[in-house]
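Structure first, commentary second.
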């Protein structure tokens, strides 16, 4: 634990002390440091309010000013169990029961005593500026069948300037929140009648998604991938062979009985792609075979972890599987890396964190197979001069992998591309190809996804661009704004000309002032606003305004169409072409 984590951990203990001073009957859960701060879980007699957080903060400041030391000690496990039981702390008792050691760690500041391994700062006075951020529900130990506790999130930094900068980033993140923007821009929604974690794509959201998927398919076709479609359900036997029922069942939806046969909705596409591969005898001349699909898969995610488009139960996964010979592996990895960087770069992502995950302690397959695959992944990254970190032992039991995370406009990392070797599935399904020697050989199989899931990628795009998408993927690229009703016929003519040129356009025919229409189009993040009045009608022109507020003035309609088409066709991140 580094110094910042130690300070935040200590701040969580101070918060727990403050909460107990307000609610003496409070039952304590856990209070660890996390990436950007800390939290503590409480079982309280009533829901907390913003006023409660302010009072907790006030009492925390008093505790910090006392500069009380954090005193470390330990107790025999049975004694600690009695100690916390007598103080009405059942969650601490349960934690003690799960500790195998004979003695358990204890920390104390003032009269507050907590079960804790530490470490902490020397005294409360060493805790820097802090802020309590929010309250959320959290099931005890992450189990939805256990009590729901109240989790208070907070953060702390060494200096006030660092805290202020972090709070400003949080404010900006809230402004960019894809759930809010998705509602304001009419892109998607969720319905309790449909079910949590199952997104409903509205016309504008569907248009955005369609453009993204069509671009994905066009580049995959160019890269030699074959598109396939597979069912949304499969017989239980398929998932038994694949191993999903052994290793992944908790994340699968319950079985369905269909005509006396057990079926499951698919959590992954790989078994279906494997069955396509197995549908005929394959020769070494056929390889590599690259099968790809934007497939609907369904995962049972716990309700507490669902989060807009970022964590859903219905997922459109941009899945692909490559079946190849050993001597083709390196070249195939290079091609996947190149394709991934091209696609992500087109959306404006050029800052990456890349990890090479190697053989874990428990792994299947011979060592030389792992060494060969890890070496190929490493060489491919080095060949493309991509900096990467080694995640030692972080590979799946069935093969090593590359994970690529993109950084968004706020510097946050998002998992996208994965390139994953798998020698479990080829063994389970007994895959083979006929080699030059006329014998059966096992192909190498590589799973790979570039977006990871379309839902999450769209969510990241919304937040990265704050809803102001590049013109080429904007659901509505231009809105025509007639000044008066008499300009409507020309406005409709302009819209049709734009649509004929492949520009997604609409007309605002409302009887509102043009300044109101401009402001509304800006709020909808529409790239181009085309004002039309008497002069524009007379000159076959449009007055062009950008969503940024810039006024480009009147120009011939043909000239605007040519400029907009250059921006769209080049997939530029700019609004105006040179």
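The values are calculated or read from the model by the stated rules, or taken from the named source; none is laboratory data. Everything quoted here is computed from the prediction, not taken from an experiment. Quick reminder, even Gly has a Cβ in these numbers, built from the backbone with ideal geometry, and neighbours come from all protein chains shown.
Is it true that residue 294 is assigned to a helix (DSSP H, G or I) and surrounded by 21 or more Cβ atoms within 10 Å (Cβ to Cβ)?
Details: assigned to a helix (DSSP H, G or I): no; surrounded by 21 or more Cβ atoms within 10 Å (Cβ to Cβ): yes.
For residue 294, the condition - assigned to a helix (DSSP H, G or I) and surrounded by 21 or more Cβ atoms within 10 Å (Cβ to Cβ) - is not met.
Okay, residues lined up against (1) farther than 30 Å from residue 527 by Cβ; (2) part of a helix (DSSP H, G or I); (3) modelled with pLDDT of 95 or more:
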| site | (1), (2), (3) |
| --- | --- |
| 356 | yes, no, yes |
| 361 | yes, no, no |
| 364 | yes, no, no |
| 370 | yes, yes, no |
| 394 | yes, no, no |
| 415 | no, no, no |
| 446 | yes, no, yes |
| 457 | no, yes, yes |
| 466 | no, no, yes |
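Among 240, 214, 226, which is the only one that is at pLDDT below 95 and either in the same structural domain as residue 293 (by TED's automatic domain parsing) or closer than 30 Å to residue 424 by Cα (or both)? Quick ask: steps written out before the conclusion?
Details: 214 fails: at pLDDT below 95; 226 fails: at pLDDT below 95.
Result: 240 is the single residue among 240, 214, 226 that is at pLDDT below 95 and either in the same structural domain as residue 293 (by TED's automatic domain parsing) or closer than 30 Å to residue 424 by Cα (or both).
Being in contact with a helix residue (DSSP H, G or I) (Cβ under 8 Å, 6 or more places away or on another chain) and assigned to a helix (DSSP H, G or I) is the filter here, so list the residues in the range 273-287 that pass it.
274, 275
Among the candidates 58, 8, 82, single out the residue that is closer than 21 Å to residue 163 by Cβ, assigned to a helix (DSSP H, G or I) and over 29 Å from the mean Cα position of the chain (by Cα). It would help to see each step written out before you state the result.
Working: 8 fails: over 29 Å from the mean Cα position of the chain (by Cα); 82 fails: closer than 21 Å to residue 163 by Cβ.
Going through 58, 8, 82 in turn, the sole match is 58.
Identify, by number, the condition in (1) in a strand (DSSP E or B); (2) exposed (fewer than 12 other Cβ atoms within 10 Å of the Cβ) that residue 549 doesn't meet.
If we test residue 549 against (1) in a strand (DSSP E or B); (2) exposed (fewer than 12 other Cβ atoms within 10 Å of the Cβ), just (1) comes out false.
Identify, by number, the condition in (1) touching a residue at least 40 places away in the same chain (Cβ under 8 Å); (2) loosely packed, with under 14 Cβ neighbours inside 10 Å that residue 133 doesn't meet.
(2)
Which residue is farthest from residue 150 (Cα to Cα), if the candidates are limited to the range 28-45 and must be touching a strand residue (DSSP E or B) at 6+ places or on another chain (Cβ under 7 Å) and either in a strand (DSSP E or B) or not assigned by TED's automatic domain parsing to the domain that holds residue 116 (or both)?
37
Could you please let me know if residue 125 is surrounded by 13 or more Cβ atoms within 10 Å (Cβ to Cβ), within 35 Å of the chain's Cα centre (by Cα) and under 21 Å from residue 4 (Cα atoms)? Talk me through it step by step, then tell me what you get.
Details: surrounded by 13 or more Cβ atoms within 10 Å (Cβ to Cβ): yes; within 35 Å of the chain's Cα centre (by Cα): no; under 21 Å from residue 4 (Cα atoms): yes.
So residue 125 does not fit the description; no.
Quick check on residue 320: is it modelled with pLDDT of 95 or more and on the phi < 0 side of the Ramachandran plot?
Working: modelled with pLDDT of 95 or more: yes; on the phi < 0 side of the Ramachandran plot: yes.
When the stated conditions are applied, residue 320 passes them.
Quick one: is residue 439 surrounded by fewer than 24 Cβ atoms within 10 Å (Cβ to Cβ) and over 21 Å from residue 273 (Cα atoms)?
On the way: surrounded by fewer than 24 Cβ atoms within 10 Å (Cβ to Cβ): yes; over 21 Å from residue 273 (Cα atoms): yes.
Answer is yes for this residue.
Please find, within the range 553-578, the residue that is surrounded by the fewest Cβ atoms within 10 Å (Cβ to Cβ) out of those that are touching a strand residue (DSSP E or B) at 6+ places or on another chain (Cβ under 7 Å) and under 15 Å from residue 477 (Cβ atoms).
First, pick out the residues of the range 553-578 that are touching a strand residue (DSSP E or B) at 6+ places or on another chain (Cβ under 7 Å): 553-557, 560, 564, 575.
Those left that are additionally under 15 Å from residue 477 (Cβ atoms): 557, 560, 564, 575.
Details: 557: 21, 560: 24, 564: 25, 575: 19.
It comes out as 575.
Could you list all residues from the range 190-229 that are in a loop (DSSP other than H, G, I, E, B) and crowded, with 17+ Cβ neighbours inside 10 Å?
Step one: of the range 190-229, the residues in a loop (DSSP other than H, G, I, E, B) are 190-199, 202, 223-225, 228-229.
190, 197, 199, 202, 225, listed by residue number.
Taking the range 241-269 as the search range and keeping residues that are assigned to a helix (DSSP H, G or I) and surrounded by 19 or more Cβ atoms within 10 Å (Cβ to Cβ), which one is nearest to the chain's Cα centre (by Cα)? Lay out the reasoning, then the answer.
Initial filter on the range 241-269 (assigned to a helix (DSSP H, G or I)): 241-242, 244-247, 249-251.
Next cut, surrounded by 19 or more Cβ atoms within 10 Å (Cβ to Cβ) only: 242, 244.
Numbers: 242: 26, 244: 23 Å.
Checking each candidate, the answer is 244.
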